[in-house]
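Take a look at the structure below.
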Amino acid sequence: MPSINVNGEKRDYSGDSAMPLLWFLRDELNLTGTKYGCGAGVCGACTVHVDGVAVRSCQTTAAEVTGKSVTTIEGLDGNGEHPVQKAWREVNVPQCGFCQAGQIMQAASLLAKNKAPTDDQIVEEMSGNICRCGCYQRIHDAVRLAAGGV
Amino acid sequence: MLQYFETEARTARQVQGTIENVSRRTVLGGVLATSSFVVALRVSTANAREALTPYPTGAAGMPHTVVADPNVFIAIAPDGAVTIVTHRAEMGTGIRTSLPMVIADEMEADWSRVRIVQAEGDEPKYGNQDTDGSRSMRHFIQPMRQCGAAMRHMLENAAAVTWGVEPALCRAKNHQVILLDGTKKPSGKSLSFGELAKAAMAQPVPPQDKLLYKTAAEFTLIGKGSTKIADLHDITTGKAVYGADIRLPGMKFAVMARPAVLGGKVKAHDAAKALKVPGVEAVHELEGVHKVPRGFGILGGIAVIANSTYAAMAGRDALDIEWENGPNASYESVAFDKEMTATAAQPGKVIRNQGDPDAAFTKAKQVFSADYHAQHIVPAAMEPLVAVARVADGKADIWAPVQSPYGARKDLAEALKIPIENVTVHVTLLGGGFGRKSKWDFMVEAALISQKLGGTPVLLQWTREDDLRHAFYHTVSVERIEVAIDDKDKVTGWRHRTVAPSIISTFKEDTGYSFPIEYGMGFVNTPFEIANVRCENGKAMAHTRIGWYRSVSTIPHVFAVQSAVCEVADQLGRDPKDFLLELIGSDRRLDPKALGFPDDFWNFGDPYEAFPIDTARLKNVIRIAADKAGWGKKIPARQGLGIAAHCAWSSYVATVVHVEVGNDGKISVPEVTTAIDCGLYVNPERIRSQMEGAAVMGMSNTVYSGITFKNGAVEQSNYTDFTVARMSNYPKKVTTHIVDAPPGTHSGGVGEPAVAPFSGALCNAIYAATKKRLRRLPTGDIVT
């Protein structure tokens, strides 16, 4: 049976090979921190890491990540103490909070590959993630703050 | 907001009468029917506490008004843990934190030992729960302070009994009660809240008129900036529970196919292919509510139930459905805009008349006139609609991100044909609301599906496409403003015509005319000192479901009014800010009668005597925003500042937008400066976040977001064509200035007031930068 490593655990996958990873995570593994926002890869709410890189889980089939490592918001840090998560709390980023898991995963992916992103690089990386409440100013500030601590 | 429609015909006088009756009976224990601010009747200097006389609010006009019983909202455990119930829905404003802060501060609880519990939908128990209309703090700061103060007295009284002393010698402070000696100094003896818990909660609840409240100087949480929202850690770790995160044993997943055109019906359908999709377990037809007015009745359609959301979606794709569209299939946005524009060019129904506007226009040396257009918008919260229902054995449990859980509960009981006592509505966090989640059609759908499945729990997920195509739409509009100017360049006449399908069409037979709530949102109450004013309403029928979206009719009204002010200023060679201040005129409280406001003038639900429109407060925020933004400073070419302001939801907001228009025409906003006077405020940190969010939503409303119809159906499908502001182009730096209003100034709303001014301010800024005047929303992000 094909398996996916999710947050450090091997999870067997037996369903429809076309099922997006998002629904495998949410409906089969009950990892509900990853959110459905658009189903079209244009809002970023479903962002997770595959082998450390941010992807849209609504546009990635479970089959595509067979044998790979998937990290969700629940697995980013065991105690929720990833520098990005800490920065998010320090800056009081969230309003409704729904998009924030995706935002945090996107930011963590950016900082993993670029420890000191410029403002333009932050904007470029984060522009795929919509926040309808309008927390962008604080998201930007929090990414900058986290960059000091990664 | 729904109750607005039930109470729309009430005059301010009648609302005032309701307040007196209700509050004398059950609520505030004797509201004075005066416009007095909070008055200190007696002050105990030793405790620096004061008696307060409640002022009337619009809460009295709401279903189930308010409850101010500490035993309903507060529980203290023997270990000292304090549980505070929050009965309003959290959708991002921070209210789930802010109202408990009020209680905790007033009762002297240590915030770190407070646990917050979300109330189920139960208005007879908690008071009104319709989290809408920027009302939570406006309506509930008083009852929450009352709960907290009463519990503090109960703790002090319990300590007095324990020590055998007068209660006056017992003082609650930071989670304990201290015994004072004869000179009112701490004696060294104290009892913790935990030690007093049982005895305190058994104490009789002191009546409102016997309570002493903390003075503003003693507040530790109210008005301070350091309190973080209760759910912050859970949100950043993925543990926060939203609607779709509920999991029940044996739960199935469902999606629905609904008619594209309002009033459409399933003519025929074939589920054979859908049922062959792996994971699909059942297909059911739900009958729509087709009686008009529809209210929040479900649209009807075909539900596909499966073992995952994905399978249900795939099953829906495989359905064969033949639809019957009905009369609304003729709705077409381009033609409708032309129709509204023609209507706006003709006299309409007179809603406000002051002086002799016709004469003013006849005598005018110059007349300005312009039409301002706006498209439909959908709330498009990041969390699409979703509900989980289990309807079994005559009982129903529904979990949902809902702004109005009790209204939903009533309709659920009716739809399921079971008594309301057997329906429980559990309120999850809301992944944004903006008005859509006070309409509970999605919850009724989920419940009916579970009932059809014989009690199987089901999660009904709306897709983003569903969310955009089956919304309650922010209305489409044409606003015409005409201004008469005399030979001394003075404005002598003002005519405003609004043409927009009305929200009331969702609840009553559509006459094509708006109703007092829409008129009250920056249309009839434009606070200008002009001798001759007429506000008229042209007819426009609704062809889709019209609903309220954050800031509602202030969006088109304030856009038009504030754009026109700037246009006339330019025509007269005046500075737009100075001209705006001049139009507002002298410091005064507007006299609705003298100004010809309609008899049923709606003041955001609040009694006018207690919440009058005060031009001094409006001018103050304009001056603050202008000063802090450096109004008049020299700025580079193709950059500009624009200003707009209004009084709404009993708060005052002014916004200065700094725009930069690139050589390619691209609009960007490096800076926004907002000043708000919302009276006594609780959580400035969350007020700032609301101001920042309002600027982003304002940017979306102005530049990006529009919904259009063709053949009766929505043309847009997802965030690809219903666009919103992203990190790539949003107001980069929003600076918020919160006015420290004089003590006793009543709390106003915060969630909505700052959105509408942004549109006028941005278009005024674009004009300053380019001399191009944009009068159609959304403008697009390129100035051509």
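Points to keep in mind about this one:
- Rounded D (µm²/s) - the range B:179-305, Kirkwood Rh over Cα pairs, Stokes-Einstein at 20 °C, 1.002 mPa s: 95 µm²/s
- Chain B: DSSP helices with Cα axial extent of at least 15 Å and average Kyte-Doolittle hydropathy no lower than 0.5: B:95-107, B:554-571, B:755-770
- Subset of B:273/B:338; B:125/B:508; A:115/B:228; B:239/B:276 violating a 32 Å alpha-carbon distance limit: B:273/B:338; B:239/B:276
- On the basis of the beta-carbon distance and an R0 of 25 Å, residue B:173 and residue B:224 show a calculated FRET efficiency of 0.90.
- Extended-chain gain in nm, criterion 0.36 nm per residue less alpha-carbon gap, residue B:711 and residue B:190: 180.2 nm
- Sorting B:178, B:555 by the number of Cβ atoms found within 10 Å of their own Cβ, with the fewest placed first, yields B:178, B:555.
- Shown here are the Rg and Dmax of the Cα trace of the range B:388-445, at 10.7, 35 Å.
- Its Cα centre serving as origin, the protein assembly as shown has a Cβ charge dipole (Lys and Arg +1, Asp and Glu -1) of approximately 1100 debye.
- Among the trypsin sites (Lys or Arg not before Pro) within the range B:446-497, those in coil by DSSP and having at most 13 neighbouring Cβ atoms inside 10 Å are B:488, B:490.
- Shielding of A:97-108 by partner chains, average beta-carbon count, 10 Å: 5
- Dipole of chain B, positive direction: furthest Cα of B:306, B:494, B:378, with charges on the beta-carbon: B:494
- Positive-end residue of B:190, B:207, B:158, charge dipole of the range B:133-208 with Cβ unit charges: B:207
- The range A:6-79, Rg to Rh (Cα coordinates; Rh as Kirkwood inverse mean 1/r): 0.92
- Taken over the range B:101-227, the alpha-carbon convex hull comes to 137 cubic angstrom per residue.
- In summary, the aspartates and glutamates within cross-link reach of residue B:410, defined as a Cα separation below 18 angstrom excluding same-chain residues under 8 places away, comprise B:6, B:120, B:122, B:123, B:130, B:132, B:397, B:421, B:441, B:445.
- Neighbouring Cβ atoms from other chains, within 10 Å of the Cβ of residues in B:724-734, number 6 on average.
- Site pair residue B:529 and residue B:421 shows an inter-label distance of 6.1 nm when each label is modelled 7 Å from Cα along Cα→Cβ.
- Cα centroids of the range B:651-721 and the range A:49-108: 27 Å apart.
- Distance distribution note for the range B:68-151: the fraction of Cα pairs above 19 angstrom is 29%.
- Percent breakdown of C-alpha pair distances by 10 Å bin, ordered from the shortest bin, for chain B: 3, 13, 23, 24, 19, 12, 5, 1, 0
- Label zone at residue B:635, where the point sits 7 Å out along the Cα-to-Cβ direction: the range A:129-149 residues whose backbone N lies under 19 Å: A:137
- Angstrom value of the Kirkwood radius, inverse mean 1/r, which spans all Cα pairs in the range B:543-600: 14.1 Å
- The range B:62-105 and the range B:312-341 have Cα centres lying 44 Å from one another.
- Taking the convex hull of the alpha carbon positions in the range B:363-419 and averaging its projected area over all directions gives 8.3 nm².
- Its alpha carbons give the range B:658-704 an Rg and a Dmax of 13.7, 45 Å.
- The mean number of partner chain beta-carbon atoms within 10 angstrom of a residue's beta-carbon across peptide A:15-25 is 3.
- Computed FRET value (nearest 0.05) for residue A:5 with residue B:317, which takes r as the C-beta separation and R₀ as 30 Å: 0.45
- Farthest positive-ward along chain B dipole, Cα basis, beta-carbon charges - from B:415, B:99, B:580: B:580
- Approximating the spin labels as points 7 Å out from Cα along Cα→Cβ, the residue B:345-to-residue B:392 distance works out to 6.4 nm.
- Multiplying each eigenvalue of the alpha-carbon gyration tensor of the range A:57-96 by 5 and taking the square root yields semi-axes of 27, 13, 6 Å, largest first, rounded to whole angstroms.
- Within the range B:335-431, trypsin sites (Lys or Arg not before Pro) in DSSP loop having at most 11 other beta-carbon neighbours inside 10 Å: B:417
- Estimated FRET transfer efficiency when R0 is 56 angstrom, pair residue B:270-residue B:77 (beta carbons, to 0.05): 0.45
- Whichever lysines have a C-alpha closer than 19 Å to that of residue B:214, once near sequence neighbours (fewer than 8 apart) are set aside: B:173, B:184, B:185, B:224
- Value of Rg/Rh across chain A [Cα atoms, Kirkwood radius]: 0.96
- Between the range B:548-612 and the range B:270-310, the alpha-carbon center distance in angstrom: 46 Å
- Over the range B:467-609: Kirkwood hydrodynamic radius from C-alpha pairwise inverse distances, Å: 16.3 Å
- Helical contribution to [θ] at 222 nm, DSSP H n ≥ 4, -39,500 (n - 2.57), averaged over chain B, rounded to 500: -8500 deg cm²/dmol
- Couplings 3J(HN,Hα) of the range B:589-597, computed from phi: 9, 4, 9, x, 5, 5, 8, x, 4 Hz, in residue order, whole Hz [Karplus 6.51 cos²θ - 1.76 cosθ + 1.60, θ = phi - 60°; x for Gly and Pro].
- Residues of the range B:485-500 with amide N under 20 Å of a point placed 7 Å along Cα→Cβ from residue B:356: B:485-496
- Based on the reciprocal of the average 1/r between different C-alpha atoms, the Kirkwood radius for the protein assembly as shown equals 28.8 Å.
- For the peptides B:763-774, B:280-291, the ranking by packing is B:763-774, B:280-291, with the highest mean count of neighbouring Cβ atoms within 10 Å listed first.
Since every read-out is calculated from the coordinates, none of them should be taken as a lab result. In this text, all values refer to a predicted model and were calculated from it rather than measured experimentally. Using ideal geometry, Cβ is built from the backbone for each residue, glycine included, and neighbour counts are taken over all protein chains shown.
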